[in-house]
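Colleague: Dropping a structure here in structure tokens format, bear with me for questions.
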Amino acid sequence: MTNQNQLKLSPQAEAIQQKLVQLIQEKIRNSDTKEIGFDDFVNMALYEPQLGYYQNNLRTFGEQGDFITAPEMGNLFAHGIAKSIKDALSEAGMSILEIGAGSGQLATDLLLTFNNENLKYLILEPSATLQSLQNETIKTQADKFYQQVTWLNNLPENFEGIIIANEVMDAIPCQMIQKQEDKQDGWHYLNVGLDEGGGFVWQAGEAVELSSLPAALQSEDYPADYMTELRPWLSGWIKGLSKCLKKGAVLLFDYGYGQSEYYHSQRLKGTLQCFSRHTKNDNPFQLVGLQDITAHVDFTQVIETAHNEGFDIEGYTTQAGFLIENGILDQQAAVDEKQQYMMSQQIQKLTTQGQMGEIIKVIGLSKQMTADLKGFDLQCQLHRL
């Protein structure tokens, strides 16, 4: 299950992995069918208390972690968001709720950018380990505003303000399905079972009900063994945001596509990917609890659910389009030559086409607002949903 030749594990990491693997094995062996859904497997691998990837105390973010998100690259990402939400934030009541704040860097940069003692900053973070990291980051870099930050374990009720979630939706556990030629009913779930040695293996499960399939998978003919993901929990997550928000706006950033691109017939193995030490692989059954497991977001699902839940759609665009429209290129004019060079490196990483700038999308939603979120006109892509 662990490729020791590729990554030497610390005794602490080995102990975490061993305990988590044993828990998952036990759950599989105790199930009636000797298998569990892939979403259940991912949920345990990422979120099992004290052991899961986002719950254990091993560092996951930044140069010394497994991946770098936009806030870790510098403060230009926060500057773009601040410009986008400035008017809406004033109208909605000067409160920001960040969901899944990672290292706490975005919260820190937004507090410093707004430089406003009236700003209330809420962080929804169920992981005690990440709460501690966020606490340290904010206190170290923005101690002046530390008392304006509150940590939550659940979504608030009747919230008025701006909700931000950067690379959160892709961490919501997904199901895996496969088109199976030898089965008359076509699409089947791929579950997780055990081989004779106790290792995790894919196992064909029950048929997928037609009503559970996105429209794209119902209307096209796909080759045998085509694999892809479904994320029914995502719709429930969007509904939760709608129930939480009384007045304000939502900004969601994540890797993903509209359905026509997501379920393209040539995307034979879906979008599932894992990250460890800045290296990508497609094996979720290795390094359990020690690597991130993620899949891209179906933004058609996001926008359809949001519309049904009463949100107004502010827009849908690429991260590059959003940041450029919100003045990321203008930041260089106010700094010296050395800082300009460093800033240009950051801009390139954030806006490069074919990479983060294009693959990460931004969607804006609102309720009961007159002020618009800025950043969705330059590269409006609603037609792709």
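The values are calculated or read from the model by the stated rules, or taken from the named source; none is laboratory data. For clarity, every value in this text was computed on a predicted model and none was experimentally measured. FYI the Cβ positions are ideal-geometry reconstructions off the backbone, even for glycines, and counts take in every protein chain you see.
Colleague: Looking at this structure, is Glu98 part of a strand (DSSP E or B) and not hydrophobic (A, V, I, L, M, F, W, C)?
Modeller: Here the answer is yes, as Glu98 does meet what is asked.
Colleague: Something else: Tell me, which residue of the range 74-95 that is within 16 Å of Met343 (Cβ to Cβ) and not in a helix (DSSP H, G or I) is modelled with the highest pLDDT?
Modeller: Among those that are within 16 Å of Met343 (Cβ to Cβ) and not in a helix (DSSP H, G or I), it is Asn75.
Colleague: Can I ask one more? Would you tally the residues in the range 348-373 being more than 11 Å from Gln319 (Cα to Cα), in contact with a helix residue (DSSP H, G or I) (Cβ under 6 Å, 6 or more places away or on another chain) and either crowded, with 21+ Cβ neighbours inside 10 Å or among the acidic types (Asp, Glu) (or both)?
Modeller: Adding up the residues that qualify gives 2.
Colleague: Within the range 278-288, take every residue that is out of contact with any strand residue (DSSP E or B) (no Cβ under 6 Å at 6 or more places or on another chain) and under 17 Å from Asn56 (Cβ atoms) and give me the one that is surrounded by the most Cβ atoms within 10 Å (Cβ to Cβ).
Modeller: Val288
Colleague: Suppose we keep only residues that are in a helix (DSSP H, G or I) and modelled with pLDDT of 90 or more within the range 322-345. Which one would you say is surrounded by the most Cβ atoms within 10 Å (Cβ to Cβ)?
Modeller: Once the filter is applied, the top-ranked residue is Phe322.
Colleague: I would also like to ask the following. Restricting attention to the range 87-120, report how many residues are without any contact (Cβ under 8 Å) to a residue 60 or more places away in the chain and of a type outside the set (Val, Ile, Thr).
Modeller: Here the count works out to 16.
Colleague: Something else now. Of all residues in the range 241-277, how many are assigned to a loop (DSSP other than H, G, I, E, B) and either polar (S, T, N, Q) or surrounded by fewer than 15 Cβ atoms within 10 Å (Cβ to Cβ) (or both)?
Modeller: Residues in the range 241-277 being assigned to a loop (DSSP other than H, G, I, E, B) and either polar (S, T, N, Q) or surrounded by fewer than 15 Cβ atoms within 10 Å (Cβ to Cβ) (or both): 7 in total.
Colleague: List the residue pairs whose Cβ atoms are under 6 Å apart, where the first residue sits in the range 255-266 and is closer than 21 Å to Glu167 by Cβ, the second is of a type in the set (A, V, I, L, M, F, W, C) and in a strand (DSSP E or B), and the two are 6 or more positions apart or on different chains.
Modeller: Qualifying pairs under 6 Å: Tyr255/Ile360; Gly256/Val297.
Colleague: Right, here's the next one. With the condition kept exactly as written, say whether any residue in the range 171-193 is in contact with a Ser or Thr (Cβ under 8 Å, 6 or more places away or on another chain), within 30 Å of Ala70 (Cα to Cα) and not charged (D, E, K, R).
Modeller: Yes, some residue in the range 171-193 is in contact with a Ser or Thr (Cβ under 8 Å, 6 or more places away or on another chain), within 30 Å of Ala70 (Cα to Cα) and not charged (D, E, K, R).
So that you can scan it fast, the table gives a plain yes or no per residue for (1) free of Cβ contacts under 8 Å to residues at least 12 places away in the same chain; (2) under 25 Å from Leu378 (Cα atoms):
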site: Gly289; (1), (2): no, no
site: Asp292; (1), (2): no, no
site: Val297; (1), (2): no, yes
site: Thr300; (1), (2): no, yes
site: His307; (1), (2): yes, yes
site: Gly310; (1), (2): no, no
site: Gly321; (1), (2): no, yes
site: Gln332; (1), (2): no, yes
site: Lys338; (1), (2): yes, no
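Colleague: Determine if the range 111-132 includes at least one residue that is touching a strand residue (DSSP E or B) at 6+ places or on another chain (Cβ under 7 Å) and within 24 Å of Gln332 (Cβ to Cβ).
Modeller: yes
Colleague: Report yes if some residue within the range 232-240 is without any contact (Cβ under 8 Å) to a residue 40 or more places away in the chain and surrounded by fewer than 20 Cβ atoms within 10 Å (Cβ to Cβ); otherwise report no.
Modeller: There is at least one residue in the range 232-240 that is without any contact (Cβ under 8 Å) to a residue 40 or more places away in the chain and surrounded by fewer than 20 Cβ atoms within 10 Å (Cβ to Cβ).
Colleague: Which of (1) in a strand (DSSP E or B); (2) of a type in the set (Ser, Thr, Tyr); (3) crowded, with 22+ Cβ neighbours inside 10 Å is the odd one out, the single condition Thr150 does not satisfy?
Modeller: (3)
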